[in-house]
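Please treat every number below as a calculation from the coordinates, not as lab data. Bear in mind the structure is a predicted one, so any value in this text is a computation, not a measurement. Note that we place each Cβ from the backbone using ideal geometry, even for glycine, and neighbour counts take in every protein chain shown.
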Amino acid sequence: MRTPGRQQRILLTNVKELELLLTRQRDVELFAGAGLDFLVFDEAHTFSGAQGAETACLIRRLRSFCGRAAQDTVCIATSATIVDRENPEAARDFASRFFGVPKTEVAIVGETYESEVLAEGRVVPLAPAKNPNTILQACVQAVDDKVDPGAAVWVEIDTMRKLRKGMFAAQVVGKSMEPAIPDGSYCLFAAPVTGTRQGKTVLVQLRDPVDFEGGERYTVKRYESEKVAAVDGTWRHLRITLKPNNPNFKPIELTCEAEGEVQVIAELVEVLG
């Protein structure tokens, strides 16, 4: 999920998708002024020939877009088959050309096989004395000084409901569902949605249109749909409406042609506060 004004710490993508993201205006916020501390390519041996040359150009475009020089980003390429016995420096030559850095700045990390030796006496470590959630949150903040302490928190569920597989907590930001869901409230959701969706408050993902309130592709709204009977006896959606509770916000309306642009992720179970 995207948060306006805040960039993701980790972006998992592929070459084609990255090139597409760099060309769309709505994705500019992902890269403009981004830290780009690390750039990792797996299966580096596949980037040869024309594909390798195009990807090398894309790397330079990405750095330029983020305002980073070659020495500002740690580039990592992993491969188990890139070694050339006749030219031990093949990996270093490849990395230098691929990432556009001097050979003197390329470090080769190899591997050696070591037999696994298990200790004779093994014990189960003691359980942590503190709340594990608190410890994990502190670890995340300790390894990344750029993390806003309020950006990610561990939520302890306080509810009388029986929790089951598929339930999760998420913070709902925005005023479109007030007063039922106050801005910034943590809510309990359940996935998948069972039974009819009609009239339920659901968390949905929008593939193309965005929420009018925050410009995001994930939104929480009340689901309503109009259906008509098809010739073969099945039903199809005539219109899907994602309605806010707050009358100051407009609903999101999708026609039958745009039905595939919305995916219902989960239904609201409870507002936790």
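Values for this structure:
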read-out: Using distinct alpha-carbon pairs, which all enter the 1/r mean, Kirkwood radius of region 167-271 in Å; value: 14.2 Å
read-out: Residues 20, 118, 272 arranged by fewest to most Cβ contacts within 10 Å; value: 118, 20, 272
read-out: Cβ-Cβ FRET estimate between residue 175 and residue 12, R0 fixed at 45 Å, reported to 0.05; value: 0.90
read-out: Cα-Cα over 22 Å, subset of 162/227; 162/221; 175/200; 175/221; 175/243; 165/243; value: 162/227; 162/221; 165/243
read-out: 5 angstrom amide H check on residue 77, placed H, neighbours 5+ away; value: 41
read-out: Amide H partners (placed H, <5 Å) of residue 11, local residues excluded; value: none
read-out: For residue 216, residues with placed amide H under 5 Å, excluding near neighbours; value: 211
read-out: Percent of Cα-Cα distances greater than 23 Å, calculated over region 1-104; value: 29 percent
